[in-house]
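The values are calculated or read from the model by the stated rules, or taken from the named source; none is laboratory data. Computed from a predicted model, the values in this text were never measured in an experiment. Ideal geometry is used to build each Cβ from the backbone, glycine not excepted, and the neighbour counts take in all protein chains shown.
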Amino acid sequence: MTGHSLCSPAPSSGLGPVTSKEPFVLILGSFPSILSLERQEYYGNPKNRFWAVMEELFAVPAGLPYPGRIALLAQYGIALWDVIRTCERAGSADRRIRNPLPNDIGRFVLAHPTLRLVALNGSTAGRYYERFNEIPGVPSVVLPSTSPANARLPFAEKVRRWEAVKIRATAEQE
(Lines give C-alpha, C1' and ligand atoms only; values in the text may rest on other atoms or scores of the structure.)
Protein backbone atom coordinates (compact mmCIF):
# COMPACT_ATOMS: atom_id res chain seq x y z
CA MET A 1 0.00 0.00 0.00
CA THR A 2 1.03 3.58 -0.52
CA GLY A 3 0.27 5.20 2.81
CA HIS A 4 -3.49 4.95 2.45
CA SER A 5 -4.12 2.21 5.00
CA LEU A 6 -7.55 1.57 6.39
CA CYS A 7 -6.59 2.65 9.92
CA SER A 8 -4.32 5.57 9.17
CA PRO A 9 -5.95 9.00 9.36
CA ALA A 10 -2.74 10.50 7.98
CA PRO A 11 -3.35 13.03 5.20
CA SER A 12 -3.88 11.45 1.80
CA SER A 13 -3.56 13.12 -1.57
CA GLY A 14 -6.09 12.49 -4.30
CA LEU A 15 -5.63 11.96 -8.02
CA GLY A 16 -4.93 14.60 -10.64
CA PRO A 17 -7.52 15.60 -13.23
CA VAL A 18 -8.12 13.39 -16.25
CA THR A 19 -9.19 15.46 -19.23
CA SER A 20 -9.04 16.12 -22.92
CA LYS A 21 -7.98 19.45 -24.43
CA GLU A 22 -11.57 20.65 -24.71
CA PRO A 23 -13.82 19.13 -22.05
CA PHE A 24 -17.49 20.07 -21.97
CA VAL A 25 -18.35 18.34 -18.69
CA LEU A 26 -16.28 18.07 -15.52
CA ILE A 27 -17.42 15.25 -13.24
CA LEU A 28 -16.27 15.82 -9.67
CA GLY A 29 -16.31 13.25 -6.90
CA SER A 30 -15.54 14.10 -3.30
CA PHE A 31 -12.28 12.15 -2.74
CA PRO A 32 -11.11 8.76 -4.10
CA SER A 33 -11.66 5.57 -2.16
CA ILE A 34 -8.69 3.69 -0.76
CA LEU A 35 -8.98 1.19 -3.60
CA SER A 36 -9.07 3.97 -6.21
CA LEU A 37 -5.96 5.53 -4.68
CA GLU A 38 -4.14 2.19 -4.66
CA ARG A 39 -5.04 1.56 -8.30
CA GLN A 40 -4.56 5.23 -9.28
CA GLU A 41 -7.89 5.06 -11.10
CA TYR A 42 -11.03 7.11 -10.72
CA TYR A 43 -13.85 4.89 -9.48
CA GLY A 44 -11.44 1.98 -9.06
CA ASN A 45 -13.68 0.06 -6.67
CA PRO A 46 -15.51 -2.49 -8.83
CA LYS A 47 -18.59 -2.07 -6.61
CA ASN A 48 -18.82 1.61 -7.54
CA ARG A 49 -21.46 2.00 -10.26
CA PHE A 50 -19.79 4.94 -12.05
CA TRP A 51 -18.38 2.89 -14.92
CA ALA A 52 -21.64 0.94 -15.26
CA VAL A 53 -23.48 4.28 -15.59
CA MET A 54 -20.95 5.46 -18.22
CA GLU A 55 -21.48 2.20 -20.09
CA GLU A 56 -25.23 2.81 -20.18
CA LEU A 57 -24.91 6.45 -21.24
CA PHE A 58 -21.89 6.44 -23.56
CA ALA A 59 -21.27 2.77 -24.42
CA VAL A 60 -17.93 2.91 -22.57
CA PRO A 61 -17.46 -0.77 -21.63
CA ALA A 62 -17.03 -1.05 -17.87
CA GLY A 63 -14.72 -4.04 -18.42
CA LEU A 64 -12.38 -2.14 -20.74
CA PRO A 65 -8.95 -1.45 -19.22
CA TYR A 66 -8.86 1.91 -17.44
CA PRO A 67 -6.82 3.82 -20.07
CA GLY A 68 -9.37 2.82 -22.71
CA ARG A 69 -12.32 3.94 -20.58
CA ILE A 70 -10.66 7.29 -19.93
CA ALA A 71 -9.89 7.74 -23.63
CA LEU A 72 -13.50 7.04 -24.60
CA LEU A 73 -14.83 9.50 -22.01
CA ALA A 74 -12.41 12.12 -23.34
CA GLN A 75 -13.89 11.64 -26.82
CA TYR A 76 -17.20 12.76 -25.34
CA GLY A 77 -15.57 15.79 -23.72
CA ILE A 78 -15.82 14.44 -20.19
CA ALA A 79 -13.16 15.19 -17.59
CA LEU A 80 -12.84 13.59 -14.13
CA TRP A 81 -11.49 15.03 -10.92
CA ASP A 82 -12.40 15.48 -7.24
CA VAL A 83 -13.39 18.48 -5.18
CA ILE A 84 -10.92 17.57 -2.43
CA ARG A 85 -7.16 17.56 -3.06
CA THR A 86 -6.06 16.21 0.34
CA CYS A 87 -7.77 15.14 3.53
CA GLU A 88 -7.50 12.87 6.54
CA ARG A 89 -9.82 9.91 6.37
CA ALA A 90 -9.87 6.52 8.07
CA GLY A 91 -11.39 4.16 5.51
CA SER A 92 -13.23 5.26 2.38
CA ALA A 93 -16.48 6.71 3.74
CA ASP A 94 -17.11 10.36 2.89
CA ARG A 95 -18.50 10.97 6.38
CA ARG A 96 -15.01 10.31 7.76
CA ILE A 97 -13.33 13.09 5.76
CA ARG A 98 -11.47 15.49 8.05
CA ASN A 99 -9.41 18.60 7.30
CA PRO A 100 -10.17 18.70 3.58
CA LEU A 101 -8.19 20.97 1.29
CA PRO A 102 -9.73 21.72 -2.11
CA ASN A 103 -8.46 21.27 -5.62
CA ASP A 104 -8.21 24.50 -7.61
CA ILE A 105 -11.23 23.90 -9.79
CA GLY A 106 -11.44 27.58 -10.69
CA ARG A 107 -8.03 27.35 -12.35
CA PHE A 108 -9.14 24.21 -14.21
CA VAL A 109 -12.23 26.05 -15.51
CA LEU A 110 -10.15 29.03 -16.63
CA ALA A 111 -7.77 26.69 -18.48
CA HIS A 112 -10.70 24.92 -20.18
CA PRO A 113 -13.13 27.57 -21.48
CA THR A 114 -15.09 24.88 -23.33
CA LEU A 115 -16.47 23.62 -20.01
CA ARG A 116 -20.27 23.88 -19.89
CA LEU A 117 -21.27 21.79 -16.86
CA VAL A 118 -19.87 20.66 -13.54
CA ALA A 119 -21.50 17.38 -12.51
CA LEU A 120 -21.08 16.44 -8.86
CA ASN A 121 -21.06 12.75 -8.03
CA GLY A 122 -23.13 12.73 -4.85
CA SER A 123 -24.25 15.15 -2.18
CA THR A 124 -20.88 15.19 -0.37
CA ALA A 125 -19.13 16.35 -3.54
CA GLY A 126 -21.92 18.92 -3.93
CA ARG A 127 -21.47 20.28 -0.41
CA TYR A 128 -17.69 20.57 -0.71
CA TYR A 129 -17.97 22.14 -4.16
CA GLU A 130 -20.37 24.76 -2.80
CA ARG A 131 -18.10 25.36 0.19
CA PHE A 132 -14.81 25.62 -1.70
CA ASN A 133 -15.16 26.10 -5.42
CA GLU A 134 -18.52 27.01 -6.83
CA ILE A 135 -17.69 28.64 -10.18
CA PRO A 136 -19.89 31.50 -11.40
CA GLY A 137 -20.95 31.16 -15.03
CA VAL A 138 -20.64 27.37 -15.19
CA PRO A 139 -23.80 25.55 -14.16
CA SER A 140 -23.50 22.64 -11.77
CA VAL A 141 -25.73 19.72 -10.95
CA VAL A 142 -25.59 17.32 -8.01
CA LEU A 143 -26.23 13.77 -9.20
CA PRO A 144 -26.87 10.62 -7.19
CA SER A 145 -23.67 9.11 -5.87
CA THR A 146 -22.45 6.06 -7.75
CA SER A 147 -20.72 4.84 -4.57
CA PRO A 148 -21.58 1.38 -3.28
CA ALA A 149 -22.63 3.13 -0.06
CA ASN A 150 -25.54 4.74 -1.93
CA ALA A 151 -28.04 1.94 -2.35
CA ARG A 152 -31.13 4.15 -1.94
CA LEU A 153 -31.81 4.51 -5.66
CA PRO A 154 -32.21 1.68 -8.12
CA PHE A 155 -29.55 1.58 -10.83
CA ALA A 156 -32.01 2.53 -13.60
CA GLU A 157 -32.97 5.70 -11.70
CA LYS A 158 -29.31 6.64 -11.23
CA VAL A 159 -28.75 6.26 -14.97
CA ARG A 160 -31.84 8.37 -15.69
CA ARG A 161 -30.60 11.20 -13.48
CA TRP A 162 -27.06 10.99 -14.86
CA GLU A 163 -28.46 11.61 -18.36
CA ALA A 164 -27.87 15.32 -17.64
CA VAL A 165 -24.19 14.59 -18.35
CA LYS A 166 -24.97 12.87 -21.64
CA ILE A 167 -27.33 15.62 -22.76
CA ARG A 168 -24.68 18.29 -22.18
CA ALA A 169 -21.79 16.27 -23.64
CA THR A 170 -23.62 15.25 -26.81
CA ALA A 171 -25.18 18.72 -27.31
CA GLU A 172 -21.70 20.26 -27.37
CA GLN A 173 -20.51 17.78 -29.99
CA GLU A 174 -23.26 18.66 -32.46
Seminar exercise, completed: Of those in region 61-88 that are over 21 Å from Trp162 (Cα atoms) and touching a Lys or Arg at 6+ places or on another chain (Cβ under 8 Å), the residue modelled with the lowest pLDDT is Glu88
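Is at least one residue of region 112-130 among the acidic types (Asp, Glu), within 17 Å of Phe31 (Cβ to Cβ) and modelled with pLDDT under 95?
yes
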For this session: Please find, within region 80-93, the residue that is nearest to Arg127 (Cα to Cα) out of those that are surrounded by 23 or more Cβ atoms within 10 Å (Cβ to Cβ) and among the charged types (D, E, K, R).
Result: Asp82
Problem set entry | Test: Ala169 is buried (at least 19 other Cβ atoms within 10 Å of the Cβ), more than 15 Å from the chain's Cα centre (by Cα) and in a helix (DSSP H, G or I) | yes
Problem set entry | Extreme residue, farthest from Gly29 (Cα to Cα), among residues of region 139-152 that are surrounded by fewer than 15 Cβ atoms within 10 Å (Cβ to Cβ) and not small (Gly, Ala, Ser) | Arg152
Seminar exercise, completed: Of the residues in region 89-103, those that are touching a Lys or Arg at 6+ places or on another chain (Cβ under 8 Å) and either more than 17 Å from Ile34 (Cβ to Cβ) or of a type in the set (Gly, Ala, Ser) (or both) number 4
Seminar exercise, completed: Note on region 128-137: residues surrounded by fewer than 18 Cβ atoms within 10 Å (Cβ to Cβ) and out of contact with any helix residue (DSSP H, G or I) (no Cβ under 6 Å at 6 or more places or on another chain) are Glu130, Arg131, Phe132, Glu134, Pro136, Gly137
For this session: Return only the number of the condition from (1) small (Gly, Ala, Ser); (2) closer than 21 Å to Lys21 by Cα; (3) crowded, with 16+ Cβ neighbours inside 10 Å that Ala125 does not satisfy.
Result: (2)
Seminar exercise, completed: All-but-one check, Thr114 against (1) hydroxyl-bearing (Ser, Thr, Tyr); (2) surrounded by fewer than 20 Cβ atoms within 10 Å (Cβ to Cβ); (3) under 15 Å from the mean Cα position of the chain (by Cα), failing number (3)
Exercise. Is at least one residue of region 90-97 more than 24 Å from Ser140 (Cβ to Cβ), of a type in the set (Lys, Arg) and over 15 Å from the mean Cα position of the chain (by Cα)?
Worked result: yes
Seminar exercise, completed: Restricted to region 6-60 and to residues being acidic (Asp, Glu) and farther than 17 Å from Lys166 by Cβ, the residue modelled with the highest pLDDT is Glu41
Exercise. Could you say which residue among Pro100, Pro17 is in contact with a Leu (Cβ under 8 Å, 6 or more places away or on another chain) and buried (at least 16 other Cβ atoms within 10 Å of the Cβ)?
Worked result: Pro17
